[in-house]
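Every read-out reported here was derived from the displayed coordinates using simple, explicitly stated rules and does not represent laboratory data. Remember, predicted model here, so these are calculated numbers, not experimental data. Here the Cβ is made from the backbone with ideal geometry for all residues, glycine too, and neighbour counts use every protein chain on show.
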Amino acid sequence: MAGQREETRYEVVWPRSERQQKRQPLARRLESLNGKTVAQLWDLRYRGNEVFRMLEEDLKARFPEVRFVNWREFGSTYGSNERQLLAALPERFKELGVDAAVSAMGC
């Protein structure tokens, strides 16, 4: 059998697992941002400070009565304390009267 290669076989598995979480219905959308408070969440990566400034300007032009809670109020959503920060958000949102949030992350 000189000159013949031995065939190697490998077992193959599908890389996706079964779905671990059931689909949840989407939250009800706001009809307008007028009179609403929008929280800004950021991971302090890639120019979010500029993005939020532009987003505020554009949204205020469309919805003059919108209010914003600046990302500085919450701190970075990335890092060693991100789990605690994110877990505390519902209560913080309630305290601050937040109706919606924009979460930005670096790419």
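Scaled to the compact-protein estimate 2.2 N^0.38 Å, what is the alpha-carbon radius of gyration of the chain, rounded to two decimal places? Could the numbers behind the result be given before it?
Values: Rg = 23.1 Å, N = 107, 2.2 N^0.38 = 13.0 Å.
Dividing the Cα radius of gyration by 2.2 N^0.38 Å gives 1.78.
Residues of segment 71-97 falling in the label zone of residue 60, defined by backbone nitrogen less than 15 Å from a point 7 Å along Cα to beta-carbon, are 71. Each residue, residue 82 and residue 47, gets one label point 7 Å from its Cα in the Cβ direction; the gap between the two is 2.1 nm. Under 20 Å of direct C-alpha separation, and excluding same-chain neighbours fewer than eight residues apart, residue 94 reaches these lysines: 36. Helix 82-96 axis versus longest C-alpha principal axis of the chain: approximately 30°, rounded to the nearest ten. Placing R0 at 35 angstrom, the Cβ-Cβ distance between residue 100 and residue 17 gives a FRET efficiency of 0.60 after rounding to 0.05.
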